[in-house]
Amino acid sequence: MNQDNNQKGNKSYKKPYYVLDMFSYPSGEGLHMGHVKVYTASDIYARHKRMKGYEVLHPTGFDSFGLPAEQYAIKNKVNPTISTKKNSDNFLRQMKDLKLSYDYDNVTSTTDPEFYKWTQWIFKQLYKKGLAYQSHEPINWCPSCKTGLANEDLEGNLCERCGSVVEKRPLRQWVLKITEYADRLIDDLDTLPEWKDWIKDLQRNWIGRSEGSEIDFKLVSQRKDLSFVERDSIGLVGYGTSIETELKNSYENKFTIFTTRADTLFGCTYTVLAPEHNLVSELIKNNIIDNRDEVLKYIAETKNKTDIDRSSEGKEKRGVRLEGVLAVNPANQEEVPVYIADYVLPDYGTGAIMAVPAHDGRDREFAEKYNIAIKEVMQNVSDDKTDSSEEVLINSEEFDGLSSEDAKNKITEKVKGKVVKKYKLRDWVFARQRYWGEPFPIVFAVNEDGSTDYNKPYLVSDVELPVKLPLVESYEPTGTGESPLADIEEFINIYGYIDDNNEFLSCDKTDKRAKIFKRESNTMPQWAGSSWYWLRFLDPHNNTEMFSRERIEKYPEVDIYLGGVEHATRHLIYGRFWYKFLYDIGIVPNIEPFKRLETVGLVLGEGGVKMSKRLGNIINPDDIIREYGVDVTRMYVMFMSPFDGSSAWNAKSLSGMKRFLDRVQSLKNKIGNPCKNVNMMDQTIKKVGEDIELLKFNTAISQLMIALNEFEENGLSLDEYQKFLQLLAPFAPVTFEKLSKDYNMEESWPEYDINKIENNQVTIAVQIAGKMRGTFEIDRDKEDEEVVSKLKEQDIYNKYITSQNIEPKKIIVVRNKIVNVVI
């Protein structure tokens, strides 16, 4: 398919449209039925758009870097360069067997140096803008995969890839400041009306923006032989020192909490610090607390727990009191106990909270476990005139009677706190201690003793890109925290100099400017290439630019993006972050990359269980195509459930779809006079076209079946027959090609007569639980079963019934007027 840009002034101009499904990791097993479902859906949609006259860009490629590909190669004792090429070729063969109409002339992969050259270039721009930095903070470490992981790579406290329990390990890492974009990642979701609300909520919750208050609590000693000067003036002192003696490394005797409920400050009856909080270590170091050994034991138990495990719902809340110290509630000067507990995370908020057990379920559970006081400070007050209620303060001194919202800022102001925003989202750990990934465009200076000076990193010059991954025999992970690349001297050691732009240029070691430098040995994560790949698909063979200006102007955004919901809090957040950054530096024209997002449901095994090797129930699409043909395979997968719904494989149902297509091939024997149902063809054109736009492929196929029944019974004209084949074409391209040869037909979408349809349709009102909820259109005089079936396709039914898991008691149909759902 060519990528020529037609001008709008030409008669040949076609409106551009970008249809994209999430590109795949080329596993050794080949395509599975989940791939078949989403790829067939995007193919039907792309074919329909072409038939409607659009110039469709429908590319594909491979997300070939990363841990899965490397582990497969290690298992099969082959370099991943070879294994991923072999697997990609197999995927392409299967895609072509499925008649997926991709742009096969422009397939690309994240492992192509001409692709990852631009991944490295984007990293350079992030670094220049201060959005990439080195860190030595403890990170998630998988002892089995032997690499660091981002929070998004975990399931609870387990590695998503291998299921091993993840540890915390301090390690030198490259980190991207995704938190700098947190507000925009949330706020710009409002500019995406074609995204489902629940997907946007997933992203909002993952980013986790909280607006609240930072408030200082003073710390005081509880012991007679250990005090502060006048209990709050000079700082903590240790055992055996005089009250007047300040510690040599003194620190303020206070800590700062973050809360979204400053209105409940008077109800605070204890405080909690994260075990990693700096104040805790200072208290231990200076022997301020009485139960030092108990506290150290608890801290040790916490170290190997992941953030997700520590903060998960339903987990028992445990902690240890710091005996010997108390905190002072700044609102009423009451002294309250101080605990450490693992459910408080060191890098969320301030790593310290005030606990109000009367008005927080988690705090109450903890308070009841440790017999801590519970104090009510909020009360619901009803207004009979407006039939409403609101929370007002009680037991809060001069703030009694204020509403919750009014009190937050006023109490914060009284205690000299400040209003701030906080986020659950953490900066993105962007390095992996593995071989199979994009090398960083970074070198380090070397000290006189030959060691690497990690405090002196330099970007390599653009002319050095791509920094190519060396082809080596041994690339298994070391487990030491170093990448296998660290031991490949011909890669790591490189001679060069720093140019006038403060960037590295390589040269021969005999050059008088030459000095020895060390390359960065870590590689980028699998998410790097997938964070921008759709842009390279615009212009994959461009050797001088990421893409041309002409191409980005023609396809400024992905019009529809289809893929798995599991990527909502990883790939989609990372991709939106990189795209916004590219917008900020003038590379792309929009603030969002994906105009419409649709997620696919699972294809389950027989009986509704997940397909797996262990159960031996994996369906190989090659086998289905071989036995039933490609069109049966495509149409069955689309018919078995709504696109976004899960469905169980049923081999017996394949025969039914085969019979349908066999009947289609015999339909030409019925050609003669026009169908007696003069509206059937127009209704079917309208229904199938609208359902494809809505990705309701199963109901589109159902309408084709209804039309086939009608035509078999009442005959059809040649024109109606040809239009029927055109409607079938996106679903069953092989059948269309075979049956249309005799008629020299164009693969274009037929038009319908709106007057015929409107005169035959009625508006049905929908009443649910006694309340009018909406309407829908349906053909006049339909049977009750058909009306109910049409009702269940409506968004209002899904909103009030299906999504709420409600089973109606009965559904009453008043023909051509109303349908009443009784619950």
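The values are calculated or read from the model by the stated rules, or taken from the named source; none is laboratory data. Keep in mind that what you see is a predicted model, and the values were worked out from it rather than measured. Neighbour counts run over all protein chains shown; Cβ positions are idealised from the backbone, glycine included. Protein only, heavy atoms only, side chains kept; ligands, DNA and RNA dropped before computing areas. Shrake-Rupley method; radii C 1.70, N 1.55, O 1.52, S 1.80 Å.
Considering only residues that are open to solvent by less than 50 Å² (accessible area, probe 1.4 Å), outside any strand (DSSP E or B) and in contact (Cβ under 8 Å) with a residue 12 or more places away in the chain, which ones fall in the stretch 590-617?
Restricting attention to the stretch 590-617, the residues satisfying the condition of being open to solvent by less than 50 Å² (accessible area, probe 1.4 Å) are 590, 592-594, 596-601, 603-605, 608, 611-612, 617.
With outside any strand (DSSP E or B) added as a condition, the list becomes 590, 592-593, 596, 601, 605, 608, 611-612, 617.
Residues satisfying the conditions are N590, E592, P593, R596, G601, G605, G608, M611, N617.
Residues that are without any contact (Cβ under 8 Å) to a residue 12 or more places away in the chain and under 19 Å from E335 (Cα atoms) within the stretch 369-415 comprise just one, N371.
Against the definition (of a type in the set (A, V, I, L, M) and farther than 15 Å from F255 by Cβ), how does I308 come out, yes or no? In short, yes. Residue pairs, Cβ under 8 Å, 6 or more apart or interchain, first in the stretch 678-690 and among the polar types (S, T, N, Q), second in a loop (DSSP other than H, G, I, E, B). List them. So the pair list comes out as N679/N760; Q683/Y752; Q683/N760. Here E777 meets each of (1) open to solvent by less than 40 Å² (accessible area, probe 1.4 Å); (2) assigned to a strand (DSSP E or B) with one exception, condition (1). In the stretch 790-812, the condition of being under 23 Å from K686 (Cα atoms), more than 36 Å from the chain's Cα centre (by Cα) and not in a helix (DSSP H, G or I) is met by no residue.
Going through (1) modelled with pLDDT of 50 or more; (2) out of contact with any Asp or Glu (no Cβ under 6 Å at 6 or more places or on another chain); (3) not in a strand (DSSP E or B) one by one, D290 falls short only on (2). Open to solvent by 40 Å² or more (accessible area, probe 1.4 Å) and either within 27 Å of I178 (Cβ to Cβ) or at pLDDT below 95 (or both): does that describe D462? So D462 passes the test. For first residues located in the stretch 634-648 and closer than 16 Å to G563 by Cβ, partners that are in a loop (DSSP other than H, G, I, E, B) and modelled with pLDDT of 95 or more and lie 6+ apart or on another chain with Cβ distances below 6 Å form the pairs F643/L695. Does V19 satisfy the criteria of being part of a strand (DSSP E or B), farther than 20 Å from T110 by Cβ, among the β-branched types (V, I, T) and in contact with a Ser or Thr (Cβ under 8 Å, 6 or more places away or on another chain)? Taking the combined requirement at face value, the residue satisfies it.
Filtering the stretch 334-366 down to residues that are of a type in the set (G, A, S) and either within 21 Å of T256 (Cα to Cα) or in contact with a His (Cβ under 7 Å, 6 or more places away or on another chain) (or both), which residue is modelled with the lowest pLDDT? Per the stated criteria, the residue is G349. Within the option set Q433, Q379, being out of contact with any Pro (no Cβ under 6 Å at 6 or more places or on another chain), of a type outside the set (F, W, Y) and closer than 30 Å to W527 by Cβ holds for one residue only, Q433. Condition check: modelled with pLDDT under 95 and of a type outside the set (D, E). Does Y239 satisfy that? So Y239 passes the test. Checked across the stretch 534-550, the condition of being in contact (Cβ under 8 Å) with a residue 40 or more places away in the chain, surrounded by 20 or more Cβ atoms within 10 Å (Cβ to Cβ), touching a Leu at 6+ places or on another chain (Cβ under 7 Å) and of a type in the set (A, V, I, L, M) holds for at least one residue.
Looking for something closer than 18 Å to F65 by Cα, assigned to a strand (DSSP E or B) and open to solvent by less than 10 Å² (accessible area, probe 1.4 Å) - is there at least one such residue anywhere in the stretch 514-532?
Yes, the stretch 514-532 contains at least one residue that is closer than 18 Å to F65 by Cα, assigned to a strand (DSSP E or B) and open to solvent by less than 10 Å² (accessible area, probe 1.4 Å).
Applying the selection to the stretch 61-113, what residues are open to solvent by less than 20 Å² (accessible area, probe 1.4 Å), in a helix (DSSP H, G or I), farther than 29 Å from T147 by Cα and hydrophobic (A, V, I, L, M, F, W, C)? M95, the sole residue that qualifies. For the stretch 320-340, the criterion of a residue being in contact with a Pro (Cβ under 8 Å, 6 or more places away or on another chain), open to solvent by less than 10 Å² (accessible area, probe 1.4 Å) and either within 26 Å of V166 (Cα to Cα) or not aliphatic (A, V, I, L, M) (or both) is satisfied by at least one position. Selection of the stretch 379-397 for residues being acidic (D, E), in contact with a strand residue (DSSP E or B) (Cβ under 8 Å, 6 or more places away or on another chain), loosely packed, with under 14 Cβ neighbours inside 10 Å and modelled with pLDDT of 85 or more yields only E390.
Going through D153, D197, D190, D201 one at a time, which residue ends up being among the acidic types (D, E), crowded, with 16+ Cβ neighbours inside 10 Å and under 25 Å from V600 (Cα atoms)?
Going through D153, D197, D190, D201 in turn, just one is among the acidic types (D, E), crowded, with 16+ Cβ neighbours inside 10 Å and under 25 Å from V600 (Cα atoms): D153.
Every condition in (1) of a type in the set (A, V, I, L, M, F, W, C); (2) in contact with a Leu (Cβ under 7 Å, 6 or more places away or on another chain); (3) farther than 30 Å from K741 by Cβ; (4) modelled with pLDDT of 95 or more holds for V664 except the one numbered (3). Does D682 satisfy being closer than 30 Å to G34 by Cβ and of a type in the set (D, E, K, R)? Considered against the rule, which asks whether it is closer than 30 Å to G34 by Cβ and of a type in the set (D, E, K, R), D682 comes out as no. Just one of the numbered conditions (1) surrounded by fewer than 18 Cβ atoms within 10 Å (Cβ to Cβ); (2) part of a helix (DSSP H, G or I); (3) over 16 Å from the mean Cα position of the chain (by Cα); (4) not small (G, A, S) is not true of E566: (3).
In the stretch 728-742 there is at least one residue that is modelled with pLDDT under 90 and open to solvent by 10 Å² or more (accessible area, probe 1.4 Å).
So, A352, is that one within 24 Å of E313 (Cβ to Cβ) and either open to solvent by 70 Å² or more (accessible area, probe 1.4 Å) or touching a Phe, Trp or Tyr at 6+ places or on another chain (Cβ under 8 Å) (or both) or not? Spelling it out, A352 is indeed within 24 Å of E313 (Cβ to Cβ) and either open to solvent by 70 Å² or more (accessible area, probe 1.4 Å) or touching a Phe, Trp or Tyr at 6+ places or on another chain (Cβ under 8 Å) (or both).
Does E316 satisfy being assigned to a loop (DSSP other than H, G, I, E, B), within 39 Å of the chain's Cα centre (by Cα) and more than 20 Å from I215 (Cβ to Cβ)? Criteria met by E316.
Among the residues of the stretch 167-201, write down those that are in a helix (DSSP H, G or I) and in contact with a strand residue (DSSP E or B) (Cβ under 7 Å, 6 or more places away or on another chain).
Within the stretch 167-201, I178, I199 qualify.
Residue count for the stretch 775-789, restricted to those that are within 15 Å of K686 (Cβ to Cβ) and hydrophobic (A, V, I, L, M, F, W, C): 2.
Summed over the stretch 410-431, residues that are open to solvent by less than 20 Å² (accessible area, probe 1.4 Å) and either among the hydroxyl-bearing types (S, T, Y) or under 30 Å from N502 (Cβ atoms) (or both) total 4.
In the set (1) of a type in the set (V, I, T); (2) part of a loop (DSSP other than H, G, I, E, B); (3) under 12 Å from the mean Cα position of the chain (by Cα), I587 fails one condition alone, (3).
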